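Enquirer: The structure that follows is given in the form of structure tokens.
All of the numbers you see were taken from the coordinates with simple rules; none came from a lab. Bear in mind the structure is a predicted one, so any value in this text is a computation, not a measurement.
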Amino acid sequence: MDGGSKVTLNRTGFEMSAASPLIDCWVQSYDGKHPLLDIGRAFGRNTEAAVRKIHSSMGTPKTTTPQVVAVDCDDRHLQAVDALKLTGVKTLFGRLPGDFPSKEAIGGSSSGILISAVLHFLKGEDIESSIQSAHNLLVSGSKLVLSTVSFNFKPAIWQ
């Protein structure tokens with residue numbers, strides 16, 4: 001596609017031509033201990049940008065503990081992220097809303113979650129359920145960063 005955007009392999013969406021404009025907000029929430037989660041990863045543009053920012057500020061990790069966990073509902077996208085060979089990245093299969101990663105799968109809680117260009121595919125109750133699942137994974141003081149919200153999302157606090 002023009003500008004470097006890519007259609008997803010499952011033909012349900014596309015990866016933007018640049019990292020999310022909210023990438024800095026998300027990456028700044030990384031506490032050095034709990035990984036960031038990148039939900040709906042496609043080919044890994046946001047994951048790669050996050051890892052580069054983390055490594056430029058903190059250095060490449062000396063352990064196998066992931067700094068970023070990339071989650072997608074298509075194994076081919078996860079393989080594409082794995083092919084980037086990014087140090088500090090773990091890939092996991094997950095599909096919103098019902099197959100959200102568990103604390104056990106990510107190795108504990110998360111210091112920040114990015115859900116980018118995904119929620120508009122869901123209906124209201126599925127959006128709310130997905131956001132609640134994300135909230136349950138976050139450590140105190142961390143951030144949930146959303147770059148797309150559907151008109152279908154009407155949480156109780158807005159009604």
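Enquirer: Give the separation of the Cα centroids, segment 53-116 to segment 21-37, in Å.
Expert: 12
Enquirer: For Thr91, which sequence-distant residues (separation of 5 or more, or a different chain) have an amide H within less than 5 Å of its own amide H, given hydrogens modelled in the peptide plane?
Expert: Under 5 Å from the amide H of Thr91 lie the amide H atoms of Ala70, each far enough along the sequence or on another chain.
Enquirer: While we're here: Please list, in order along segment 81-90, the HN-Hα scalar couplings obtained from phi with the Karplus expression 6.51 cos²θ - 1.76 cosθ + 1.60 (θ = phi - 60°), rounded to whole Hz, x for Gly and Pro.
Expert: Each residue of segment 81-90 in turn: 5, 4, 5, 5, 6, 8, 5, x, 10, 10 Hz.
Enquirer: So who's got an amide H within less than 5 Å of the one on Leu138, skipping anything under 5 residues away but keeping other chains? H placed 1.01 Å off N, in plane.
Expert: Ser110
Enquirer: Here's another thing I want to ask about it. From the backbone phi of segment 65-74, what are the Karplus-calculated ³J(HN,Hα) couplings (6.51 cos²θ - 1.76 cosθ + 1.60, θ = phi - 60°) in whole Hz, Gly and Pro given as x?
Expert: Here the 3J(HN,Hα) series is 5, x, 8, 9, 10, 9, 10, 8, 9, 10 Hz.
Enquirer: Which whole-Hz couplings ³J(HN,Hα) result when phi for each residue of segment 129-142 is put into the Karplus expression 6.51 cos²θ - 1.76 cosθ + 1.60, θ = phi - 60°, listed in order with x for Gly and Pro?
Expert: Taking θ as phi minus 60°, the curve returns 4, 5, 5, 5, 4, 5, 4, 5, 8, 7, 6, 4, x, 8 Hz for segment 129-142.
Enquirer: Here is a follow-up. Taking segment 23-149 as the region of interest, what is the percent of Cα-Cα pairs per 5 angstrom bin, listed from the shortest bin to the one with the maximum distance?
Expert: With 5 Å bins starting at 0, P(r) equals 2, 12, 24, 26, 22, 10, 3, 1, 0.
Enquirer: For segment 23-149, compute the number of Lys pairs whose alpha carbons are separated by less than 20 Å, excluding pairs fewer than 8 positions apart on the same chain.
Expert: Close lysine pairs found across segment 23-149: 14.
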